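Here is the structure we will look at.
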Amino acid sequence: MSEADVRQIGIQLCQIADNFHRQRLVHNGLEPNSLVIDSQGRVKLIRFDRVRPARRYNPLTPIYPTDFYSAPEIYRLTESTVLDKRSDIYSVGAILYLLLAGEPLPPAHQMHGFKYEFYPKAVVSPALERIVMRAISP
């Protein structure tokens, strides 16, 4: 996808996530299979099974990580883990990385020693690269 198209998708993903966060919810499952882009280029969310309140994790309502798009902390949930917007920010960054680089990041639980970079896979403006790298940073 072009960088301009990816920026528009990124803005919409952030708006979707922000709507959840203002309701004191986290999605915990933003991934390509949970999204549809309509003919006007609008991003629609179609899966809500991982939405949880933004508070301590409750094992009675488990969250199942999605390789490539779930934040590292989703793989290590305990009763003391606080679910918050950081996991959604990571997922948005992982989706944008896929759209720009043409391939997903490694699964978060396998990223030890992974070098985050776009080049030579994609040429990205420095500003967008900083945003995506910040979103997927530990």
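Laboratory data are not the source of any read-out in this text; all were calculated from the coordinates shown. Fair warning: this is a prediction, and the values are worked out from it, not measured in the lab. With ideal geometry, Cβ positions are generated from the backbone for all residues, glycine too; neighbour counts draw on all protein chains shown.
Test of the criteria: in segment 1-87, which chymotrypsin sites (Phe, Trp or Tyr not before Pro) are in a DSSP loop and have at most 11 other Cβ atoms within 10 angstrom of their Cβ? Each step should come with its number before you reach the end.
On the way: sites: Phe20, Phe48, Tyr57, Phe68, Tyr69, Tyr75; in loops: Phe48, Tyr57, Phe68, Tyr69.
Hits after loop and neighbour filter: Phe48.
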Quiz item: What distance in nm separates the simple spin-label points at Asp5 and Arg86, each placed 7 Å from Cα in the Cβ direction?
Solution: 3.4 nm
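From the Cα trace of segment 21-77, what convex hull volume per residue do you get, rounded to a whole Å³? Working shown, then result.
Details: hull volume 5.3 nm³, N = 57.
Here the figure is 93 Å³ per residue.
Over the alpha-carbon set of the chain, divide Rg by the Kirkwood Rh and report the Rg/Rh ratio to two decimals. Walk me through the intermediate numbers first.
Details: Rg = 14.7 Å, Rh = 15.3 Å.
A ratio of 0.96.
Taking 0.36 nm per residue of separation and subtracting the Cα-Cα distance, what length does fully extending Val123 through Ile46 add? Don't jump to the answer; show the numbers that get you there.
Numbers: separation 77, 0.36 × 77 = 27.72 nm, distance 3.06 nm.
Additional length available on full extension: 24.7 nm.
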Practice problem: Pairs of Cα atoms under 8 Å, at least six residues apart: use those to get the relative contact order of the chain, whole percent. | Solution: 25 percent
Quiz item: Helix-derived [θ] at 222 nm for the chain: sum -39500 (n - 2.57) over DSSP H runs of at least 4, divide by residue count, nearest 500?
Solution: -11000 deg cm²/dmol
Quiz prompt | Met133 versus Asp18: modelled label distance in nm, points set 7 Å from Cα along the beta carbon direction | solution = 2.5 nm
